[in-house]
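Structure first, then comments.
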Amino acid sequence: MIKLIGCVLIISACTQMGCAMATDKIRQMKYLKLLRRLIFETRAMVEGGMTFGEIILKLSLQKDYSDFTFLSQDTSSPDVRRKITEDIYKSKLFDNEIRQTAIDFFEKLGTTDTNGQLAYISMSLAELDEQISRFSENFTSQVRLCRALGVLSGAFIAIMLI
């Protein structure tokens, strides 16, 4: 009876681990798409003539971007750009490739004239679209695989321990 309870606990723990990995994949896709939307909205703000500080302030006030804590900076500070990029670097919201895209975007935002910023925004959007495309190619199968591997690894461990 104790072995049976132990096996059930092992299978449950491994299943939860698989579900956690699947949830992490879903979360990564959510934040990738949210970052793309943020950059897309930034294009309209740049076209409207807003400054870097005004853009950051407006984005930080939108509830959709509340998870992006790196936007909560004092925009009157001269080193706001550095603080934002440091916070993005420390953030656990993105994987390395997406993190670097976000850092590059905020480092260059507001450093050139309007046409230069719009060109850079277009390049950032194209890069994010490529990353979304690569990530979503096998997204559904990866989520299912994570869940299935959790259950199967739990069953395998339980069988090995019997």
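The values are calculated or read from the model by the stated rules, or taken from the named source; none is laboratory data. What you see is a predicted model, and the numbers here were worked out from it, not measured in a lab. Here the Cβ is made from the backbone with ideal geometry for all residues, glycine too, and neighbour counts use every protein chain on show. The protein model used for the area step is the full one, side chains on, heavy atoms only, and it has no ligands, DNA or RNA in it. Shrake-Rupley method; radii C 1.70, N 1.55, O 1.52, S 1.80 Å.
Between Phe40, Phe94, Phe68, which is open to solvent by 50 Å² or more (accessible area, probe 1.4 Å), within 21 Å of Phe135 (Cα to Cα) and of a type in the set (A, V, I, L, M, F, W, C)?
It is Phe40.
Within the range 73-80, is there a residue that is closer than 23 Å to Met123 by Cα and open to solvent by 50 Å² or more (accessible area, probe 1.4 Å)?
Within the range 73-80, not a single residue is closer than 23 Å to Met123 by Cα and open to solvent by 50 Å² or more (accessible area, probe 1.4 Å).
Just checking, does the range 11-22 include any residue being loosely packed, with under 14 Cβ neighbours inside 10 Å and either among the basic types (Lys, Arg) or under 19 Å from Ile132 (Cα atoms) (or both)?
No, the conditions are met nowhere in the range 11-22.
Going by what's in this entry, would Lys30 be described as of a type outside the set (Val, Ile, Thr), more than 23 Å from the chain's Cα centre (by Cα) and assigned to a helix (DSSP H, G or I)?
The answer is no for Lys30.
Only one residue in Glu130, Glu97, Glu107 is more than 14 Å from the chain's Cα centre (by Cα) and in contact (Cβ under 8 Å) with a residue 12 or more places away in the chain. Which one?
Matching residue, one of Glu130, Glu97, Glu107: Glu107.
For a quick check of your reading: which helices (runs of 4 or more DSSP H) sit entirely within the range 43-162 and have at least 2 residues that are of a type in the set (Asp, Glu)?
80-90, 96-108, 114-137
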